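In what follows, a single structure is set out as structure tokens and then discussed.
Nothing in this text is a laboratory measurement; each read-out follows from the coordinates by a stated rule. A quick note: this is a predicted structure, and the numbers were derived from the prediction, not measured. So basically every Cβ, Gly included, is an ideal-geometry build from the backbone, and we count neighbours across all protein chains shown.
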Amino acid sequence: MMDMSIKSLLPQIQEWLGEDDLTRNYHYTRSLPKHSVKLVLKIKSPLVLAGTDYLAAVFTQLGADCDFSFLSKYEGGRFEVSAIDFPEPLPFNIAVTGERLALNLIQHASSIATWTEKHVALAAPSGIKILDTRKTTPGLRSVEKYAVRLGGGYNHRLGQTDTWMIKDNHKSSLGGLSGAWKFFKDQGAFYTNVVVEIHTIDELREAIELGCTHVMLDNFSPENIRRAVELKRAGMTFEVSGGINLQTMSSFLISGVDALSLGSLTYAAPRVDLSLKFQTL
């Protein structure tokens, strides 16, 4: 029986397979040999492995009748240079057709998970959480957000309406901070939090007076962050974003800060090295 999580991925996998436009050349797809091959996933650089369900979904969508559940024990694992043997063979026509898409997905996910883990490890002694942002690749947000979690990070929000976020463009168009605050409160979403993007200490004071409990200090210097946390009240959450990377992050690990959010987790992760090799049986 197909795993429910794998089944949920199939519509998106089918869309991505369409990019190879295999329907244009039926003779090619029909003539591909169907002999059995053994698959070996070659891990050629240190990484956190992520996205194996996406790999399984690719081959499942193409018609592979295999049990890919063995991959779950590797998902989220930390690997040096090594190899993972697939216990069941696949038909060559399915393996060769799905190889590149499967590799693209697990390489992308593993790159983000590996990059995220480096940031999480640096922040761990301070107790500060590492968050992603909505700076994701269109069509790949679910993959990228999932990979951040496997790397030990947290998702800021999956979409705009998970949590309302008052940004500078809201403030300039909705009557300042107070007008934007009223707009989002009037949405009537009882359980939906409102996060306020803060740019100055004076604006932070205004946000506190309005009753804002979740604030994001945007492009604050470490000195101004220390000033800001002195104003923090019980029950407030302070997030810091802007100007943070692996080299500068230590200066932002300040007591009173709850989380750092970095768009670079998803858009600037260095590529890990993976390949998928076939052995004819």
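Springs between alpha-carbon atoms under 10 Å, Gaussian network over the chain: tell me which of GLN14, GLN187, GLN107 tops the mean-square fluctuations.
For the chain, modelled as a Gaussian network with Cα springs under 10 Å, the answer is GLN187.
Can you put GLU99, GLU223 in order, fewest other beta carbons within 10 Å first?
GLU223, GLU99
When the expected Rg is taken as 2.2 N^0.38 Å, what fraction or multiple of it is the alpha-carbon Rg of the chain?
For the chain, the normalised Cα radius of gyration is 1.22.
So what J values fall out for the stretch 200-213 if you push phi through Karplus, 6.51 cos²θ - 1.76 cosθ + 1.60 with θ = phi - 60°, rounded to Hz, Gly and Pro as x?
Once θ is set to phi - 60°, the couplings for the stretch 200-213 become 9, 5, 4, 5, 4, 4, 4, 4, 5, 5, 6, x, 5, 10 Hz.
May I ask you to evaluate 6.51 cos²θ - 1.76 cosθ + 1.60, the Karplus curve with θ = phi - 60°, for each residue of the stretch 47-62 and list the ³J(HN,Hα) values in order in whole Hz, giving x for glycine and proline?
So the J values, rounded to whole Hz, are 6, 9, 7, 9, x, 5, 5, 5, 4, 4, 5, 4, 6, 5, 4, 7.
Among CYS66, CYS212, which comes first, second and so on when ranked by fewest other beta-carbon atoms within 10 Å?
CYS66, CYS212
So, in Å, what gap is there between the alpha-carbon centers of the stretch 91-109 and the stretch 139-185?
Taking the Cα centre of the stretch 139-185 as reference, the centre of the stretch 91-109 is 33 Å away.
Order of TYR54, TYR146 from fewest to most other C-beta atoms within 10 Å?
Neighbour counts put them in this order, fewest first: TYR146, TYR54.
Once the Cα atoms of helix 176-185 and of the chain are each reduced to a long axis, what angle between those two axes, in degrees from 0 to 90 to the nearest 10, is obtained?
Relative to the chain, helix 176-185 is tipped by roughly 60 degrees.
Find out how many positive minus negative residues lie around LEU17, taking Lys and Arg as positive, Asp and Glu as negative, among other residues whose Cβ is under 14 Å from that of LEU17.
So the environment of LEU17 carries a net charge of -3.
Label points 7 Å out from Cα along the Cβ direction at ASP65 and THR192: separation in nm?
4.7 nm
Run lengths n ≥ 4 of DSSP H only: what is the helix-derived mean residue ellipticity at 222 nm for the chain, with -39500 (n - 2.57) per run over all residues, to the nearest 500?
Counting only the DSSP helices, I get -12000 deg cm²/dmol.
Once the stretch 186-281 is represented by equal point scatterers at the alpha-carbon sites, with solvent omitted, what log10 I(q)/I(0) does the Debye formula produce at q = 0.12, 0.16, 0.23 Å⁻¹?
So the normalised log intensities are -0.48, -0.72, -1.18.
For THR248 paired with GLU230, estimate the spin-label separation in nm (one decimal), with each label point 7 Å from Cα along the Cα-to-Cβ line.
Output for this residue pair reads 2.3 nm.
Karplus couplings for the stretch 130-139 from phi (6.51 cos²θ - 1.76 cosθ + 1.60, θ = phi - 60°), rounded to Hz, Gly and Pro as x?
Values per residue, Gly and Pro as x: 9, 10, 8, 9, 8, 7, 10, 7, x, x Hz.
Which of rounded, prolate, oblate describes the stretch 120-267, given a ≥ b ≥ c as roots of the alpha-carbon gyration tensor eigenvalues and a/c under 1.5 marking rounded, otherwise prolate only if a/b is larger than b/c?
Details: a/c = 1.84, a/b = 1.17, b/c = 1.58.
The shape class here is oblate.
Expressed as a whole number of Å, what is the distance separating the alpha-carbon centroids of the stretch 217-243 and the stretch 1-76?
44 Å
Using the basic label-point model (7 angstrom from Cα toward the beta carbon), what is the ILE201 to SER36 distance in nanometres?
Inter-label distance under the simple model: 7.2 nm.
Quick query: amide H of MET165 versus all other amide H atoms, modeled in the peptide plane; which residues come in under 5 Å with a sequence gap of 5 or more or a different chain?
When sequence neighbours closer than 5 places are left aside, the close amide H contacts are VAL195.
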